[in-house]
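Accompanying notes for the structure given below.
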Amino acid sequence: MEKIILKDIPNLDNIDVYISNSGYSALKKVLTSLKPEEVTEEVKKSGLRGRGGACFYTGVKWTFMPKGNDKPKFLCCNGDESEPGSFKDREIFEKNPHQFIEGALIAAYAMGIGKIYVYIRGEYWKWINIMEECVADAYKKGFIGKNILGSDFSVDMYVHKGAGAYICGEESSLMNSLEGKRGYPRVKPPFPASFGVWGNPTTINNIETLANVPEIINKGAEWFSKIGNPKHPGTLLFGVSGHVNKPGVYELPTGTPLMTIINDYCGGVTNGKQIKMVIPGGSSMPPLTREEAEKALMDNENLREFNTFIGTAGIIVMNEDTDIVDVIRRISKFYYHESCGQCTPCREGTGWMLKVLDRICKGEGKKNDIDLLVSVAENIEGNTICALGDAAAWPVKWTIKKFRNEFEKKIKDDKSKLPVLNKVHGLRKSEEYNLIDEDELTVTKNLFGKVQENINNPDVKRFSS
Amino acid sequence: MEVKQNYIPAFDENELKQVQLHISKYPKPMAAVMPVLWMIQDKYGWISIEAMKYTGDLLGLPYDHVLGVATFYTMYFKKPMGKHHLQVCTNVSCMLRGGYEIYNHISDKLGIKNKEVTADGMFSIEEVECLGSCATAPMLQVNNREFYENLTTQSIDKLIDDLRKTV
């Protein structure tokens, strides 16, 4: 299989090795023979889709940028990569950083951008150092800077170090973080292409997306569009972790069967066990059951059949002995920790879900907790500024849908007690109220009776009198 | 990592040049707040209230803005940590391969809980979220820098002994 990004060439991070392997030739080609619109058109024709999770068409995104130079324009390269189970950009920084730099430069040329910021998560200390060296090398060779390769195209590139916030991988949060603010996501519209960093037109692309661009220019859009699934063409960097024998990053065409990745590339599940659950695209994506995993083809279009998405292609494999509820509890803890606190449904809801999951894991779960979890998840989903709310809600909601018996097994309490929230807000249909067990009704009646008694009793002192 | 318990924040001439370099990268000086906070943490080991005020003065920002930024990002330490701050990942991929065993082993061995420092100031431990090292789980990071991957309880014992020896 031909690889686009993680090529089998040693020391590609060295700029001389990269150049001798026809590196920066796409940039030369673009600067000497193509107009900016032609570059965008080529990328559009290739069908390249964003690799950060949303799978939006990259070429189309580039056309959103306004023409002309009324305002300075910016390109932000998203290397925040904090999704649990996702570790592909790190491989690009380590194995083929110059191809990403070249891709970013081509993108800047296509959109008339003068400044590129590479936002890398603060934990990637080693890879930030690598990138800073690589950018400095490219400056020395004249690929970045003023009048690149004798053309009238000039661009600057800076590496910006994050400081440990998952939310900064969200594009509008990344922009706020870059401006030196708290990483709060912004309300859209206005979209970044019209009002981005410092109020200027901005495009945000994932590192892997940009790393694909030089090869599209060199080999043509048609070549690229024929790799993998035509609706989601190219290769993906599958980061496989969890219970497999050879975890790692594997570059394979889109549409590769999940079981081929697990069995042929990763050496199968550890200790010859069966699969119980697979998360196909980083912790926020709804999981697959074993039956679904056996049928799943790994691209965004085919995964929709199982109500899940490709995300960042971070595959987490779990064997038959895994405690699914505990896994979901840990994932919920992550989102509770990473919620920026701006929107109430996400800030409060993630905490509620964690509390309920904690008590289920401790064996103190109540029979209605499972429905309560779904109810909380559904009230977060779609009600927040950014997608972190959805990312927190999906794993809980869909794991319960697909693995409900796992949750039920953990709950010993068999009395049907409706959560207070549902009673108050009437989230349930009226006939369901009949499910409230008698004991609870008596308790409520007694309580109300006592209150009534006290009100009628003139001997009870009240503040008002 | 050198950790100063109490310090009066002050940059020397070279460091001030570095600050100017950071400011020059962005259209507005506010954007340099994260790089400058990193410089403070690298120099003193943590970011004190005085250091936040100092950063604000350098960049012409109100102190409360710097406080807001410093407290939003988890990698900025708002109190002195141990000389060797061990950040153990316990997120899904690490958890599946024994992340919690590693965390509990260190916690028991050093007798400290999350974000606590040992009495001699040598070690502190923190339970952190995914560090992007899922294929080589379980893993930990020391002082926001070096990754130590594919850990076992034996390799942890060795790592702690080795770190203790480094001055």
Here are the criteria: (1) away from every other protein chain (no Cβ under 13 Å); (2) open to solvent by less than 70 Å² (accessible area, probe 1.4 Å); (3) not polar (S, T, N, Q). Tell me which single one B:Glu116 does not satisfy. (2)
Counting only residues in the stretch B:58-71 that are open to solvent by 60 Å² or more (accessible area, probe 1.4 Å), free of Cβ contacts under 8 Å to residues at least 24 places away in the same chain and touching a helix residue (DSSP H, G or I) at 6+ places or on another chain (Cβ under 8 Å), the one nearest to the other protein chains (Cβ to nearest Cβ) is identified as B:Pro62
Selected residue [farther than 23 Å from B:Gly132 by Cα, touching a strand residue (DSSP E or B) at 6+ places or on another chain (Cβ under 6 Å) and of a type outside the set (Ser, Thr, Tyr)] from A:Ile113, A:Ile106: A:Ile113
Scan the stretch B:78-86 and give yes if some residue there is within 15 Å of A:Ala163 (Cβ to Cβ), of a type outside the set (Lys, Arg) and within 11 Å of another protein chain (Cβ to nearest Cβ), otherwise no. no
Among the residues of the stretch A:413-429, is there at least one that is at pLDDT 60 or above, surrounded by 10 or more Cβ atoms within 10 Å (Cβ to Cβ) and touching a Gly at 6+ places or on another chain (Cβ under 8 Å)? yes
Which number in (1) buried (at least 18 other Cβ atoms within 10 Å of the Cβ); (2) not in a helix (DSSP H, G or I) marks the one condition that A:Trp398 misses? (2)
Considering only residues that are of a type in the set (Val, Ile, Thr) and farther than 20 Å from A:Ser173 by Cβ, which ones fall in the stretch B:43-81? B:Ile47, B:Ile49, B:Thr55
Odd one out for B:Gly121 among (1) more than 11 Å from chain A (Cβ to nearest Cβ); (2) touching a helix residue (DSSP H, G or I) at 6+ places or on another chain (Cβ under 6 Å); (3) of a type outside the set (Asp, Glu): (2)
Are any residues in the stretch A:108-133 more than 14 Å from chain B (Cβ to nearest Cβ) and either surrounded by fewer than 23 Cβ atoms within 10 Å (Cβ to Cβ) or on the phi > 0 side of the Ramachandran plot (or both), and if so, which ones? A:Tyr109, A:Gly112, A:Glu133
Top-ranked residue in the stretch A:211-258 [being in a loop (DSSP other than H, G, I, E, B) and among the basic types (Lys, Arg); ranked as nearest to the other protein chains (Cβ to nearest Cβ)]: A:Lys246
So which residues in the stretch A:66-93 are charged (D, E, K, R) and touching a Gly at 6+ places or on another chain (Cβ under 7 Å), if there are any at all? A:Lys73, A:Asp80, A:Glu81, A:Glu83, A:Lys88, A:Asp89, A:Arg90
Looking at the stretch A:249-266, is at least one residue open to solvent by 10 Å² or more (accessible area, probe 1.4 Å) and among the small types (Gly, Ala, Ser)? yes
Just to check your reading of the model, which residue among B:Val128, B:Val117 is more than 24 Å from A:Val278 (Cβ to Cβ), touching a Ser or Thr at 6+ places or on another chain (Cβ under 6 Å) and not charged (D, E, K, R)? B:Val117
Test: residue in the stretch B:72-80 that is open to solvent by 30 Å² or more (accessible area, probe 1.4 Å), over 27 Å from A:Pro72 (Cβ atoms), touching a helix residue (DSSP H, G or I) at 6+ places or on another chain (Cβ under 7 Å) and part of a loop (DSSP other than H, G, I, E, B): yes
Given the criteria free of Cβ contacts under 8 Å to residues at least 12 places away in the same chain, over 16 Å from A:Lys181 (Cβ atoms) and not assigned by TED's automatic domain parsing to the domain that holds B:Ser155, does B:Leu21 qualify? yes
Out of the stretch A:292-318, which residues are part of a loop (DSSP other than H, G, I, E, B) and either of a type in the set (Asp, Glu) or in contact (Cβ under 8 Å) with a residue 40 or more places away in the chain (or both)? A:Asp299, A:Asn307, A:Thr308, A:Phe309, A:Ile310, A:Gly311, A:Thr312, A:Ala313
Condition check: surrounded by 19 or more Cβ atoms within 10 Å (Cβ to Cβ), at negative phi, under 18 Å from the mean Cα position of the chain (by Cα) and facing chain B (nearest Cβ under 9 Å). Does A:Gly314 satisfy that? yes
Residue hits (the stretch A:269-291; assigned to a helix (DSSP H, G or I), open to solvent by 50 Å² or more (accessible area, probe 1.4 Å) and within 14 Å of chain B (Cβ to nearest Cβ)) are A:Asn271
Test: residue in the stretch A:72-85 that is of a type in the set (A, V, I, L, M, F, W, C) and farther than 14 Å from A:Thr209 by Cβ: yes
If you go through the stretch B:92-101 one residue at a time, do you hit one that is within 18 Å of the chain's Cα centre (by Cα), more than 9 Å from chain A (Cβ to nearest Cβ) and not β-branched (Val, Ile, Thr)? no
Please indicate, with yes or no, whether at least one residue in the stretch A:343-362 is polar (S, T, N, Q) and modelled with pLDDT of 95 or more. yes
Does B:Asp42 satisfy the criteria of being closer than 23 Å to A:Asn176 by Cα, within 14 Å of another protein chain (Cβ to nearest Cβ), open to solvent by 10 Å² or more (accessible area, probe 1.4 Å) and acidic (Asp, Glu)? no
Candidate set from the stretch A:335-354 (those that are assigned to a loop (DSSP other than H, G, I, E, B) and surrounded by 22 or more Cβ atoms within 10 Å (Cβ to Cβ)); member that is farthest from the other protein chains (Cβ to nearest Cβ): A:Ser339
Checking the structure you have, find out if any residue of the stretch A:163-172 is under 20 Å from A:Ile106 (Cα atoms) and touching a strand residue (DSSP E or B) at 6+ places or on another chain (Cβ under 6 Å). no
If I filter the stretch A:14-30 down to residues being of a type outside the set (Gly, Ala, Ser), open to solvent by less than 70 Å² (accessible area, probe 1.4 Å) and in contact (Cβ under 8 Å) with a residue 60 or more places away in the chain, which single residue comes out as farthest from A:Thr40 (Cα to Cα)? A:Ile15
Taking the stretch B:124-153 and keeping only residues that are open to solvent by less than 10 Å² (accessible area, probe 1.4 Å), under 20 Å from B:Met81 (Cβ atoms), at the interface with another protein chain (Cβ under 8 Å from one of its Cβ atoms) and of a type outside the set (S, T, N, Q), one is left with B:Leu131
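The values are calculated or read from the model by the stated rules, or taken from the named source; none is laboratory data. As the structure is a computational prediction, the values presented were derived from the model and not from experiment. Heads up, the Cβs are rebuilt from the backbone with ideal geometry, glycines too, and the neighbour counts pull from every protein chain shown. These accessible areas exclude ligands, DNA and RNA; they are computed on the full protein's heavy atoms, side chains included. Shrake-Rupley method; radii C 1.70, N 1.55, O 1.52, S 1.80 Å.
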